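One structure is given below, represented as structure tokens, and several questions about it will come after.
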Amino acid sequence: MRWFTTFVSKYSDAALMAIDALRTNKLRSFLTILGILIGVMTVIAMMSIIDGLNASFEGSVGELGTHTFYVQKYPAVSFGPDWFQEERKDFTIDDAIAIEELCPAVAAADVSSWTYVTVEYEGERSRPLGITSTVSDFFDMLNDQYVEEGRMINKSDVRHARAVAVIGPEVVEAVFPGVDPVGRDIKIDGNRVEVIGVFEVKGEVFGNSWDNYVVVPQTTFEKFFGKNRGDNWLSVRAEDTASMDRAVDQVESLLRRRRGVKPDEDNDFEIITPEQLMTIWKQITGAAFGAMIGIAGISLLVGGIGIMNIMLVSVTERTREIGVRKAIGATRRDIMAQFVVEAVVISVTGGIFGIMLGSFLGQFVGWVSPMPATTSIPSIFLGFSFSVAVGLFFGIWPAVKASRLDPIEALRYE
């Protein structure tokens, strides 16, 4: 234990000397740690925001259903569809029926289309909002999207292409202020439609409101807008989570046959599972985080150079002090330890303030915007480690220079 007591005493004295030096030169110390502070603050704030976004996105994927997947003709992430993707065939009601009947691992399948429209009722007009279609099973898949008033679209509505719609709560607020909408007629892009139901409040998924939309039968959508307007996709629900892989394989095999894809050709459709959505999302946020780490790294480099510069100035200013310490028995290791500890104390001070400000900045972004943020222990540890590493790396050369000073020459220094 004696060696431990000696170790603590030696380095605690060096730390106290470093703190005293910070207090003596407050402005210089502040400017020195500013680069470290900004770098660590950027890392902590970005990690807080990205961790919060990942958690929010994971929750949103859960809202879509853990054993629900989607089939569309475009990739999940692309820079606009290529011409050959535009030529890919849309999905039909017959595709959904075939999946339900011929894929044993599938519990339900639905085809939907999506576009933007305006809704009118007796002079009240909504802003552009989303309209989607269903063959009646789609909203049951999405975590039980219930109808609060009236009824949901049924297969008879689809079969007869009835002009009926179920609307979201925000649509009610926009065009039916103080009026019960069920049973009343609205105009959707000039097409008269009867409101047969109102969805319960759902909130947001992926940052988009699920309360500001209209749902009509798929056949009605095609009658109003044609088969080539808007996006078109299949929603497929497996029997359970354990059946997901089998359901995906069965649907892929069936669609390849129905769409005439040859054995040596790639799919002319894309299957997107919840796991793929999370992977794509983390790749996107990972790229953003990597860019911010690069910016933070430049700040840390500048801060580290500042620490090295100040420590070299400090060695020059305290040359006589170094000579006195060596004359009374201080070893090169003692001198080197003193200046390395001082550099680390300066860097860690900037790191601690950077962690506090970065955490606050992340939380502030969460308060003033819908973007969530959460500060995790790993992000704090990473920020602290960065500051210690910068202090060690950029403090070594000044410490080595101080330890190599000749005591006699140092004592003569004025």
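Coordinate-derived values only; no laboratory data. Source: prediction; values computed, not measured. Cβ atoms come from the backbone with ideal geometry, glycine included; neighbour counts cover every protein chain shown.
Once label points are set 7 Å from the Cα along Cα→Cβ at both residue 278 and residue 201, what is their separation, rounded to one decimal in nm?
2.9
Please go through the residue pairs 187/223; 227/262; 73/155; 89/155 and name each one whose alpha carbons sit more than 18 Å apart in this structure.
227/262; 73/155; 89/155
From the backbone phi of the stretch 321-327, what are the Karplus-calculated ³J(HN,Hα) couplings (6.51 cos²θ - 1.76 cosθ + 1.60, θ = phi - 60°) in whole Hz, Gly and Pro given as x?
4, 5, x, 5, 5, 5, 5
Could you give each residue of the stretch 29-46 its phi-based ³J(HN,Hα) in whole Hz, using Karplus coefficients 6.51, -1.76, 1.60 with θ = phi - 60°, and x for Gly or Pro?
Values per residue, Gly and Pro as x: 5, 4, 5, 5, 7, 4, x, 5, 4, 5, x, 5, 4, 5, 4, 5, 4, 5 Hz.
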